[in-house]
Amino acid sequence: MKKLLAILSIIIFLGTISATAIPVSVHKLLKPTTAGDTGTFEGEIGYIQKKEWISVGEISGTYELKTRVGIIDGEWIITDKDMSGTMKIIFAKRIFIGRITIDETGKKAPIIGFIGFKEETKQFGGRFMSIIGPALYFKGTYQEG
């Protein structure tokens, strides 16, 4: 048993030496954002049926970019159900998490989703889901400043 323990420790020791000797290159994949950038956005909530966009509501608000994350403060309206509320979202890269508040009931619900940006046209889009209601898509435009 002692010989087996000694052999295993030597193998682990040699493995860690060779692993630390392997050169690792680190590349910066994302361009840095300027911390403190702010702006506004507006868009639609909906879903896609038979390749057509069906709008069920609207979103609008402001955003602020920090060093590694962005913060969204906004409002949402579901037009066909006469529901509205506020949203507070934190996003990083392509994933966001947050919380919505429903004005009519005062209830709060978590949301999670994906978001993408087209910087050339100042457009955004994505999909989100919550414990309340179906998973919906969103799209819109944003303005800096």
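Summary table below
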{"read-out": "Test for K88: is it among the charged types (D, E, K, R) and surrounded by 15 or more Cβ atoms within 10 Å (Cβ to Cβ)", "value": "yes"}
{"read-out": "Search result, residues across the stretch 99-115 that are under 14 Å from the mean Cα position of the chain (by Cα) and surrounded by fewer than 16 Cβ atoms within 10 Å (Cβ to Cβ)", "value": "R99, P110, I112, F114"}
{"read-out": "Inter-residue pairs, beta-carbon under 6 Å, first without any contact (Cβ under 8 Å) to a residue 24 or more places away in the chain and in the stretch 77-90, second among the aromatic types (F, W, Y) and in a strand (DSSP E or B), 6+ apart", "value": "G85/W76; I89/F96"}
{"read-out": "Yes/no for E120 being within 23 Å of W53 (Cα to Cα), charged (D, E, K, R) and part of a loop (DSSP other than H, G, I, E, B)", "value": "yes"}
{"read-out": "Scan of the stretch 84-101 for residues that are at pLDDT below 90 and not in a loop (DSSP other than H, G, I, E, B), ordered by number", "value": "A92"}
{"read-out": "Positions within the stretch 45-69 being under 17 Å from the mean Cα position of the chain (by Cα), assigned to a strand (DSSP E or B) and surrounded by fewer than 17 Cβ atoms within 10 Å (Cβ to Cβ), in sequence order", "value": "S60, T62, E64"}
{"read-out": "Condition met for I112 (out of contact with any helix residue (DSSP H, G or I) (no Cβ under 8 Å at 6 or more places or on another chain) and assigned to a strand (DSSP E or B))", "value": "yes"}
{"read-out": "Failed item in (1) modelled with pLDDT under 90; (2) surrounded by 10 or more Cβ atoms within 10 Å (Cβ to Cβ); (3) at positive phi, with G36 passing the rest", "value": "(2)"}
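The values are calculated or read from the model by the stated rules, or taken from the named source; none is laboratory data. The shown structure was predicted, so the numbers you read here are calculated from the model rather than taken from an experiment. Glycine also receives a Cβ, built like all others from the backbone with ideal geometry; neighbour counts cover every protein chain displayed.
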